[in-house]
Amino acid sequence: MPAIKDVVVRKPSGQEADICRTWPIWTCGVSTFEWEYTQTEKCLILEGRVTVRGLPDTGASVSFGPGDYVQFPNGLKCVWNVAEPVRKHYDFE
């Protein structure tokens, strides 16, 4: 089963960022919610600050914000803590 350590957070290349900008946009206000990925998700964070921790909670977490490219593995169970409203481009495989 995937864990938080399997989440990829990095800065995208220019070409990757251009591709990401063709994807739909998702927005979310300040909130906390559980999520389970049934597909791999790739996203480019445009605005906001988020910390995601795994379920079951092992104390591990990952944080990201504007300009970050994030990839979540299929099967990951987690809790999103949206500290600042999020706006992101996203794509599911």
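Points to keep in mind about this one:
- Counted residues, the range 22-32 - those being touching a residue at least 60 places away in the same chain (Cβ under 8 Å) and either within 21 Å of GLU84 (Cα to Cα) or in contact with a Leu (Cβ under 6 Å, 6 or more places away or on another chain) (or both): 4
- Residue that is nearest to the chain's Cα centre (by Cα), among those in the range 73-93 that are under 14 Å from LEU55 (Cα atoms) and among the hydrophobic types (A, V, I, L, M, F, W, C): TRP80
- Meets criteria (basic (Lys, Arg) and touching a helix residue (DSSP H, G or I) at 6+ places or on another chain (Cβ under 9 Å)) for ARG10: no
- Pairing residues of the range 33-46 that are more than 12 Å from VAL86 (Cβ to Cβ) and touching a residue at least 24 places away in the same chain (Cβ under 8 Å) with residues that are among the polar types (S, T, N, Q) and surrounded by 10 or more Cβ atoms within 10 Å (Cβ to Cβ), at Cβ distances under 9 Å and at least 6 apart in sequence or on separate chains, gives TYR37/ASN74; THR38/ASN74; GLN39/ASN74; THR40/GLN71; THR40/ASN74; GLU41/GLN71; GLU41/ASN74; LYS42/GLN71.
- Taken over the range 72-93, residues that are surrounded by fewer than 19 Cβ atoms within 10 Å (Cβ to Cβ) and in contact with a Gly (Cβ under 6 Å, 6 or more places away or on another chain) amount to 2.
- Breaking point among (1) free of Cβ contacts under 8 Å to residues at least 24 places away in the same chain; (2) within 14 Å of GLY75 (Cα to Cα), for ASP18: (2)
- Residues satisfying the stated conditions in the range 32-71, i.e. surrounded by 13 or more Cβ atoms within 10 Å (Cβ to Cβ), among the charged types (D, E, K, R) and more than 16 Å from HIS89 (Cβ to Cβ): ARG49, ARG53
- Cβ-Cβ under 7 Å pairs, at least 6 apart or on other chains, the range 78-93 side outside any strand (DSSP E or B), far side surrounded by 14 or more Cβ atoms within 10 Å (Cβ to Cβ) and among the polar types (S, T, N, Q): GLU93/THR40
- Test: residue in the range 52-63 that is modelled with pLDDT of 95 or more, in a strand (DSSP E or B) and out of contact with any helix residue (DSSP H, G or I) (no Cβ under 9 Å at 6 or more places or on another chain): yes
- Residue ID - nearest to LEU46 (Cα to Cα), chosen from residues in the range 1-24 that are in a strand (DSSP E or B) and of a type in the set (A, V, I, L, M): VAL9
- Of all residues in the range 56-91, those being touching a Ser or Thr at 6+ places or on another chain (Cβ under 8 Å), among the small types (Gly, Ala, Ser) and closer than 19 Å to GLY29 by Cβ number 2.
The values are calculated or read from the model by the stated rules, or taken from the named source; none is laboratory data. Quick caveat: nothing in here was measured; it's all calculated off a predicted structure. Reconstructed Cβ throughout: ideal geometry from the backbone, glycine too, with neighbour counts over all protein chains shown.
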